[in-house]
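Structure first, then comments.
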Amino acid sequence: MPPTDSAVTGAADSAAAGTADCAPAGIAECATTASGDRPVCGDTDGEDPEDTLDLQLPAEFLALHGAPERQAAPGSPYAPYTTTEDDRRRGGHGTPLFASDLLDHIADWGPAATPAGRFRLQPVTVERDLPLIARWMNDPAVAAFWELAGPTAVTEDHLAAQLTGDGRSVPCLGVLDGTPMSYWELYRADLDPLARHYPARPHDTGIHLLVGGVTDRGRGLGSILLRAVADLILDRRPACSRVVAEPDVRNVPSLAAFLNAGFRFSAEVDLPGKRAALMVRDRSLRHLM
């Protein structure tokens, strides 16, 4: 879990006014309880919080050590990736080794039609994307929640921790009508330390988001894209029944964006470095919210 929340800095527009009274109760996209909506605010009585999480990957994933990785296709620097058998960049800043298995081939998900335009997730390549992402991280409005301001190396280290890992978290650019305009992290919440703080279900998928450009904030774009990405996850990951998030409770615009995107509040939890709101979008309710 990154040192920040899934900040949609200023992503909610005037529509937030309609949910302002409940925004503090609708903060990030994280998971609901196994029995329904009972808030989970930390450890439960009589339970060891460590029992809710096994950070070791299953043996079947470890057996796939030779799984192919992604390589950028020729042409535009933001053209879709293709899978190759020969180009397997293990280590360094390549795509996570197990990304195709743990998060179902994000690079192959394809675009989504949204009211704002054609949107898709582009897995990050450090050599191409680092300057842009580092610039966004140094925006004071973003830095207040992501806490990655500073030299480019700070952002690079944050990306490298995911890109050299086992694939449980994949950093992506959000590309709208051919222009990269947001940064996303999709992660396996059931394999993340977050799972110590709520009753995780297998294949729960988490989201972190920041909208990069100031001109893209404050006009409802965050809600549109959150809904689109949640739908992509549920469409492309059949085993996933919930999309979750844990934004900082102080980030009211982010909370409003999640609410407007069809997420619902589950609980407030104390995570390392922040008080977070657990928000969830259920597969079973996706067409009702």
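The values are calculated or read from the model by the stated rules, or taken from the named source; none is laboratory data. This one's a predicted model, so the numbers in the text were calculated from it and none came from an experiment. Each accessible area value is taken on the protein alone, full model and side chains, heavy atoms only, with ligands, DNA and RNA left out. Shrake-Rupley method; radii C 1.70, N 1.55, O 1.52, S 1.80 Å.
Applying Stokes-Einstein at 20 °C and 1.002 mPa s to the Kirkwood radius of region 111-216, computed over alpha-carbon pairs, gives a translational diffusion coefficient of 146 µm² s⁻¹.
Computing the accessible area with a 1.4 Å probe over protein heavy atoms, can you report the carbon and sulfur percentage for region 140-277?
On the way: 2350 of 4140 Å².
The C+S portion of the solvent-accessible surface of region 140-277 is 57 percent.
Remark: the Ala161-Ala239 segment gains 25.5 nm on full extension, using 0.36 nm per residue and subtracting the alpha carbon distance.
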